[in-house]
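Asker: The structure follows.
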């Protein structure tokens with residue numbers, strides 16, 4: 001990512017700021033100065049403004065008209081509510097995926113798992129977030145219900161934000177999500193919908209609990 005070739009100044013500003021947020025160089029709740037960021041990135045304020053709009057659409061920053069811009073600081077209740085809905089929808093999606101997943105989709109899930117193992121080994125948090133999201137997105141699409149997959153993707157975008165701010169990635173010695181994903185894929189290959197649902201429910205609940213403990217440690221109101 002550091003050697004990425006950007007297509008425009010706005011794309012460059014977006015990429016740099018997004019990476020700084022993901023790598024926690026910018027803290028939750030930190031106020032951002034458009035002028036200060038422009039000076040730091042050596043670009044004009046216009047591309048910075050566009051970058052902040054894009055980050056706001058992703059939920060990584062909060063833009064308050066006539067007030068300013070802050071790095072997002074999701075609340076505990078927001079996280080709990082989001083994971084409650086995600087659990088229900090992903091269980092529904094994985095039950096359908098057990099019936100409908102194609103060989104190509106199963107191969108894509110396996111590729112995600114292989115990539116997840118590699119990026120965790122080299123501790124690339126940004127890529128880890130992307131591949132984790134790709135696994136769950138592919139799984140939802142494998143169910144064959146486009147509306148359900150769209151809703152799951154929206155929830156994944158929201159939980160991506162929680163992971164950015166409160167995932168204790170660099171403190172882990174192992175990656176429990178990797179084993180969860182392997183077991184889920186095995187259940188899909190067996191077309192065992194009941195097992196897949198149970199595995200997904202436990203996986204989402206464990207993820208939510210891990211993030212809850214970390215978030216409470218940050219004392220977010």
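Where a number appears in this text, it was derived from the coordinates with a stated rule and is not lab data. Predicted, not measured: the structure shown is a model, and the values here were computed from it. Note: ideal-geometry Cβ built from the backbone for every residue, glycine included; neighbour counts use all protein chains shown.
Asker: Given a 10 angstrom Cα cut-off, can you work out which residue in 88, 59, 143 is the most mobile in a GNM of the chain?
Answerer: Answer for the Gaussian network model of the chain: 88.
Asker: With a 10 Å cut-off between alpha carbons and a GNM built on the chain, which of 202, 101, 134 moves the most?
Answerer: Maximum among the listed residues: 202.
Asker: Which of 51, 38, 196 ends up with the largest GNM mean-square fluctuation for the chain, with Cα atoms connected below 10 Å?
Answerer: 38
Asker: FRET efficiency for residue 95 and residue 127, Cβ-Cβ distance as r, R0 = 22 Å, nearest 0.05?
Answerer: In this case the efficiency is close to 0.15.
Asker: Taking the chain as the reference, fit the longest principal axis to its C-alpha atoms, fit the long axis of helix 9-22 to the helix C-alpha atoms, and give the angle between the two in degrees, 0 to 90, nearest 10.
Answerer: 60 degrees
Asker: Report the full-extension gain for the segment residue 5 to residue 41: residue separation times 0.36 nm, less the Cα-Cα distance, to one decimal in nm.
Answerer: 11.5 nm
Asker: Follow-up. Taking the chain as the reference, fit the longest principal axis to its C-alpha atoms, fit the long axis of helix 193-217 to the helix C-alpha atoms, and give the angle between the two in degrees, 0 to 90, nearest 10.
Answerer: 30 degrees
Asker: On to the next question. What list do you get for 49, 96 if you sort them by fewest beta carbons within 10 Å?
Answerer: Starting with the residue having the fewest Cβ neighbours, the order is 49, 96.
Asker: As a footprinting exposure proxy, order 183, 136 by other Cβ within 10 Å, with the fewest listed first.
Answerer: 183, 136
Asker: Work out, step by step, the length gained on full extension between residue 30 and residue 186: first 0.36 nm times the residue separation, then minus their alpha carbon distance; give nm to one decimal.
Answerer: Net length gain for the segment: 51.9 nm.
Asker: Return the distance in nm (one decimal) between the two label points of a simple spin-label model at residue 23 and residue 153, each offset 7 Å from Cα along Cα→Cβ.
Answerer: 2.9 nm
Asker: Within 10 Å of each residue's Cβ, count the other Cβ atoms and sort 206, 159, 82 from fewest upward.
Answerer: 206, 82, 159
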